[in-house]
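Before any comments, here is the structure.
The values are calculated or read from the model by the stated rules, or taken from the named source; none is laboratory data. Here the structure is a predicted model, which is why all the values come from computation and not from measurement. Ideal geometry is used to build each Cβ from the backbone, glycine not excepted, and the neighbour counts take in all protein chains shown.
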Amino acid sequence: MKKQIIVNDNPIEWKKNLTIDKILKIMNYSFKMLVIKVDGKLIKKDEYGTKIVPENSDVKIIHLISGG
Amino acid sequence: MKISQKDFFSKHDPKILPIIRKATVGIAGAGGLGSNVAVSLARVGIGKLIIADFDTIEASNLNRQQYFIEQIGKPKVIALLENLKKINPFSEYQIHHIKLNEKNIPIIFKDVDILVEAFDKAEMKKMLIETWLSEFPEKPIIAASGLAGYGMNELIHTKKLDNLYICGDEITKLKNNISPMAPRVGIVANMQANLVLEMLLM
């Protein structure tokens with residue numbers, strides 16, 4: 001079985017040196033205002049390019065929309 | 001007209017009322033979401049509400065926010081305090097006329113049991129959520145995302161990510177210069193208020 005992570009409940013293939021930026025590209029997410037958690041832990045924007053997401057991680061990406 | 005606290009709470013569930021009366025809930029923003037959340041939580045009888053907003057009332061706000069024509073020009077938190085006291089004078093309301101940022105959020109809301117995110121702009125929502133999750137990871141925050149337009153009841157939902165909750169449809173965007181409408185923003189605000197109760201009474 002291929003190594004994987006879960007992104008918003010969808011399994012995607014895990015590769016070495018997988019960063020948040022790469023995940024956003026794979027998922028085709030172009031939104032700007034995101035809140036991202038990896039295994040329940042908040043990941044801030046300055047870590048999107050550097051934080052390596054380990055195999056089997058549960059990644060949650062929330063897209064925030066203006067209006068209130 | 002004067003009413004007694006006993007009369008006000010006479011039809012509340014006596015099993016849950018003591019918990020509600022002891023609770024402190026924060027509301028960040030007093031616009032379409034915040035003013036509606038505050039009115040519901042005041043009616044319910046939450047013991048203390050801490051509400052912060054920097055804005056003043058404009059005529060265009062009256063399409064969805066819990067204010068009146070004669071309050072135009074007033075700071076929203078001042079007008080909201082007036083209105084909440086008219087609805088339920090038996091709860092405590094602490095207001096802050098201030099623009100919230102990473103530094104003052106942890107100070108203003110440090111004593112709340114639950115924080116409600118009720119901002120308009122997405123970048124402010126993100127700032128508040130990230131500040132809260134970093135400073136108080138053990139305390140719930142209930143945010144809203146996606147409430148523009150009308151109809152589509154079936155798309156509105158609640159999502160839970162540990163202590164972060166999102167109410168809304170997570171898809172509908174605002175059109176340029178067009179504000180959300182009373183029904184949908186009211187629904188999402190009341191979903192947030194409903195979730196506050198559920199969490200307090202868990």
Unique match (being away from chain A (no Cβ under 14 Å), at pLDDT 95 or above, in a helix (DSSP H, G or I) and crowded, with 21+ Cβ neighbours inside 10 Å) among B:LEU128, B:LEU84: B:LEU84
Failed item, numbered, when A:LYS25 is tested on (1) away from every other protein chain (no Cβ under 14 Å); (2) touching a residue at least 12 places away in the same chain (Cβ under 8 Å); (3) closer than 25 Å to B:GLU123 by Cα; (4) not acidic (Asp, Glu): (2)
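For every residue, the table says whether it meets (1) under 22 Å from B:LYS2 (Cα atoms); (2) crowded, with 21+ Cβ neighbours inside 10 Å; (3) in contact (Cβ under 8 Å) with a residue 12 or more places away in the chain.
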| position | (1), (2), (3) |
| --- | --- |
| B:SER40 | yes, no, yes |
| B:THR56 | no, no, yes |
| B:GLU70 | no, no, no |
| B:HIS97 | no, no, yes |
Test: A:ILE61 is within 12 Å of chain B (Cβ to nearest Cβ), within 25 Å of B:PHE119 (Cβ to Cβ), in contact (Cβ under 8 Å) with a residue 40 or more places away in the chain and crowded, with 16+ Cβ neighbours inside 10 Å: yes
Scope the stretch B:135-147; condition surrounded by fewer than 19 Cβ atoms within 10 Å (Cβ to Cβ) and in contact with a helix residue (DSSP H, G or I) (Cβ under 9 Å, 6 or more places away or on another chain); matching residues: B:GLU135, B:PHE136, B:LYS139
Set B:LEU147, B:LEU174: member being part of a loop (DSSP other than H, G, I, E, B), within 13 Å of chain A (Cβ to nearest Cβ) and in contact with a strand residue (DSSP E or B) (Cβ under 8 Å, 6 or more places away or on another chain): B:LEU147
B:GLU117 within 11 Å of another protein chain (Cβ to nearest Cβ) and not polar (S, T, N, Q): yes
Flag for A:LEU64 being aliphatic (A, V, I, L, M), closer than 27 Å to B:ALA189 by Cα and either modelled with pLDDT of 95 or more or in contact with a Phe, Trp or Tyr (Cβ under 8 Å, 6 or more places away or on another chain) (or both): yes
